[in-house]
Amino acid sequence: MHSIIRMKKHKSIASLKSRENHTYRKRETPNADPAKLHRNKLLFGQENYSAVAENFLQEYQSAGNKIRKDAVMAVEFLLTASPEFFDEGPKNERDERLKKWCEAQIEFVKKEHGEKNILCMYLHLDEKTPHIEAYVVPMDGKGKLNCKSFYGARNALNQLQTRYATHNKDFGLERGAKGSRATHQQVQKFYDQIQQPAKVSNENLQKAVKLEAPTMKHILQPEIYLKEQEAKITAKVARLFASTVYENKLIQKAKSILREWKRAEDAAKKMQYKLESEKEALLDKLNRQTKAVQALDQLQIDNKDLQKNLSNALIENKLLKDKYLPDHEKKLKM
């Protein structure tokens, strides 16, 4: 069983608000069971974490700190484990294990980023595998918004995976291996093979050890007969059990490949998280650009109105001048 941690960066409050809608199921979540929604719960921090983050950053700027345009405003973690970790044992044992596991995850995030920088830690129990969404503001030891100090190094994510696995080792959870060559076809092939019925049945075994009827020659030379029968029975039994030994090895190999496939699947989900983050950032940028274009269009309309009003004002001004011009000036113009 493995410990699983994934990370996602948020560069805008809008991105955080979008995730908040997911956290509290304000939008459709295909893998979530609505009947289990009531089981989800806040473990630490605030529910309205996007607003908390926004206030936090406003205070940060008010203190004279600048925030770069590409700065990471918050970091999201997905904390979970292999499904069987949560499924083993009777309900009371599962509940107690989940409680202790949740407490350990809170301690891990506190240790990584500091208690005051945690925005929210929320437990989801309405999906197949229990998991925690955690959101933190990446403040470094100097009190600066600095995500790179945590995850800027090339091997930072690998180190995070290792620290997380070490923190959860008392639960019997291990760190996943790096990379995997397992394919869906390999996994399906091994599933099909290990589900084949066992070849060593009682009937097959009886046939393998059955003695052949002795000939006259064998009756006269029983030692030779017994030696020949022993050799034949040994060969039959060896062939019979050879397939079973192979299958035992096959099962072990299958388990290994299935574990690798699970790790590959986790990596794919991690990439999906990253792509979703980039998509949300692009949508946020597009929304800002759309608003800017709309504002420019409005300015152009306003400018046309101003020009029209100015033209009318000039005409009215000329008419007023002509109306109130002294008589001798009117004669001069004539």
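The values are calculated or read from the model by the stated rules, or taken from the named source; none is laboratory data. Remember, predicted model here, so these are calculated numbers, not experimental data. With ideal geometry, Cβ positions are generated from the backbone for all residues, glycine too; neighbour counts draw on all protein chains shown. Areas reflect the complete protein model, heavy atoms only, side chains present, ligands, DNA and RNA absent. Shrake-Rupley method; radii C 1.70, N 1.55, O 1.52, S 1.80 Å.
Among the residues of the stretch 36-88, the ones that are under 24 Å from ARG263 (Cα atoms) and either of a type in the set (D, E, K, R) or not in a helix (DSSP H, G or I) (or both) come to 11 in all. Considering the conditions (1) over 29 Å from LYS69 (Cα atoms); (2) loosely packed, with under 12 Cβ neighbours inside 10 Å; (3) modelled with pLDDT of 50 or more, GLN185 is excluded by exactly one of them, (3).
The set of residues from the stretch 15-36 being modelled with pLDDT of 90 or more and open to solvent by less than 50 Å² (accessible area, probe 1.4 Å) comprises SER15, LEU16, SER18, ARG19, GLU20, HIS22, THR23, TYR24, ARG25.
Within the stretch 156-171, being open to solvent by 70 Å² or more (accessible area, probe 1.4 Å) and under 19 Å from the mean Cα position of the chain (by Cα) holds for GLN159, ARG163.
Scanning the stretch 44-57 turns up no residue that is touching a residue at least 40 places away in the same chain (Cβ under 8 Å), open to solvent by less than 30 Å² (accessible area, probe 1.4 Å), under 20 Å from LEU119 (Cβ atoms) and charged (D, E, K, R).
How many residues are in contact with a Ser or Thr (Cβ under 8 Å, 6 or more places away or on another chain) and of a type in the set (Lys, Arg) when one looks only at the stretch 114-138? Of the residues in that region, 0 qualify. One residue stands out among those in the stretch 100-150 that are under 17 Å from ILE4 (Cβ atoms) and of a type in the set (Ser, Thr, Tyr): the one that is surrounded by the most Cβ atoms within 10 Å (Cβ to Cβ), which is TYR122. Among the residues making up the stretch 290-325, those that are among the hydroxyl-bearing types (Ser, Thr, Tyr) and open to solvent by less than 90 Å² (accessible area, probe 1.4 Å) are THR290, SER311. Apart from one condition, GLU20 fits all of (1) under 30 Å from ASN158 (Cβ atoms); (2) free of Cβ contacts under 8 Å to residues at least 60 places away in the same chain; (3) over 19 Å from the mean Cα position of the chain (by Cα); the exception is (3).
Summed over the stretch 156-175, the residues that are within 25 Å of GLU93 (Cα to Cα) and either modelled with pLDDT under 90 or not polar (S, T, N, Q) (or both) give a count of 10.
For beta carbons closer than 7 Å, sequence separation of 6+ or different chains, a first residue in the stretch 278-291 that is among the aliphatic types (A, V, I, L, M) and a second that is open to solvent by 100 Å² or more (accessible area, probe 1.4 Å), the qualifying pairs are ALA281/LYS11. Within the set GLU265, GLU228, GLU212, the sole residue that is open to solvent by less than 80 Å² (accessible area, probe 1.4 Å), of a type in the set (D, E, K, R) and modelled with pLDDT under 75 turns out to be GLU265.
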